[in-house]
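For reference, the structure discussed in these notes is given below.
The values are calculated or read from the model by the stated rules, or taken from the named source; none is laboratory data. Computed from a predicted model, the values in this text were never measured in an experiment. Cβ placement follows ideal geometry from the backbone for every residue including glycine, while neighbour counts extend to all protein chains displayed.
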């Protein structure tokens, strides 16, 4: 359902901090006879990317199928300092076009998390970002305004894996009011740099389910706002040991003002399954928290570009309203596993997707009181292994294998084995 905004970062504020952006991101189409470099030097950077995820379920589901989900992304970043002498400010627009089919649904895999993360939010062309970003007070404060997803700034995480359990800003995978890429909404975010490796940030994001509708891909102000989501995060990026191995640690939480139905209780205070025809109890607001950590622990040679990193992610959603109340994953990345392939990446992850115990309690009550028998859900356990081959700066292919134990959080459905690969092309 998400494809991390990091894939298409374009012109970053790291340009002003580190000075390491010196040329446009040239791909298959090259430099356009020098035009692309001249545009970049004048403050205009264009990006065009294609990403696809073919997957085949060799085990699990009701049929063995091959399905492909993909995404086109067109983006432009404007350095307003170069263009109009507005210091340390950028304007960005991103448009996405998603297509393809959902293997999880078509093969009836019954998984809680999709096995192809890029599928989701409709096969439509969508305005994914329209934002203005400004650095103030010599880098102390960074503000961002406009149309954007919550995950572009909060609980930012890799989308290297294909299974949605391990991809992107995880609250958006289990919380109905947290919208990640490619969905955007009107928002404001403020980031304050506390010192060279610590910062704190907060934001306010519109909650409007109308943005999810396929008819509103480019709607700027559709009706239907139901509240606001307010995230807050502390971010620490240390460099540990004598080698200065990089790490990143985030802890954050959110509160939103939207009214959401309770997953267990009806308006009369009784369990929903024992109250036919009675609407769910309405909850005024919901909250949750998350933790994210990634730390490089080894390095090869004179630089830290190659080496082993470990990671851990945890999200806890509101038990009153969330069907999935917890999501946990852990694993490793190895950058440059071979001296002859320094740009390649190997990765392994294992996760736990936990169904809200209050949902399971309702299922047990239904079975005990003569209702239609349903599986009682607990936890789903996905595993994924990949090897990302960087053929060129503009082409990567990533073979992978996934295994999902207890799909749907039960032992009713056969375990799932998916073989596939990611394909990324920059133009």
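If I filter the stretch 203-214 for residues that are surrounded by fewer than 16 Cβ atoms within 10 Å (Cβ to Cβ) and assigned to a loop (DSSP other than H, G, I, E, B), do I get at least one hit? There is at least one residue in the stretch 203-214 that is surrounded by fewer than 16 Cβ atoms within 10 Å (Cβ to Cβ) and assigned to a loop (DSSP other than H, G, I, E, B). Restricting attention to the stretch 225-250, the residues being part of a loop (DSSP other than H, G, I, E, B) and either surrounded by 18 or more Cβ atoms within 10 Å (Cβ to Cβ) or more than 24 Å from the chain's Cα centre (by Cα) (or both) number 4. Among the residues examined, residue 73 does not qualify as under 24 Å from the mean Cα position of the chain (by Cα), modelled with pLDDT of 95 or more, over 19 Å from residue 169 (Cβ atoms) and surrounded by 20 or more Cβ atoms within 10 Å (Cβ to Cβ).
Residue 197 - would you say it is over 10 Å from the mean Cα position of the chain (by Cα), more than 30 Å from residue 61 (Cα to Cα) and without any contact (Cβ under 8 Å) to a residue 12 or more places away in the chain? Answer is no for this residue. Per this entry, residue 228 is counted among residues that are closer than 23 Å to residue 323 by Cβ and in contact (Cβ under 8 Å) with a residue 12 or more places away in the chain.
All told, residue 141 meets the bar of being under 17 Å from residue 86 (Cα atoms), surrounded by fewer than 17 Cβ atoms within 10 Å (Cβ to Cβ) and in contact (Cβ under 8 Å) with a residue 40 or more places away in the chain. Say we look at the stretch 251-293 and pick out the residues that are touching a residue at least 60 places away in the same chain (Cβ under 8 Å) and closer than 30 Å to residue 335 by Cβ; which of these is surrounded by the most Cβ atoms within 10 Å (Cβ to Cβ)? This residue is 290. Within the stretch 81-130, the set of residues being surrounded by fewer than 19 Cβ atoms within 10 Å (Cβ to Cβ), within 17 Å of the chain's Cα centre (by Cα) and part of a loop (DSSP other than H, G, I, E, B) comprises 122 only. Taking the conditions exactly as written (within 30 Å of residue 197 (Cβ to Cβ), within 28 Å of the chain's Cα centre (by Cα) and outside any loop (DSSP other than H, G, I, E, B)), does residue 304 satisfy them or not? No, not satisfied.
When the stretch 26-37 is examined, which residues are found to be touching a helix residue (DSSP H, G or I) at 6+ places or on another chain (Cβ under 9 Å) and surrounded by 13 or more Cβ atoms within 10 Å (Cβ to Cβ)? Of everything in the stretch 26-37, those that are touching a helix residue (DSSP H, G or I) at 6+ places or on another chain (Cβ under 9 Å) and surrounded by 13 or more Cβ atoms within 10 Å (Cβ to Cβ) turn out to be 26, 31, 32. The set of residues in the stretch 136-159 being over 13 Å from residue 189 (Cβ atoms) and in a strand (DSSP E or B) consists of 136 alone. When residue 289 is tested against (1) closer than 30 Å to residue 368 by Cβ; (2) in contact with a strand residue (DSSP E or B) (Cβ under 6 Å, 6 or more places away or on another chain), exactly one condition is not met: (1).
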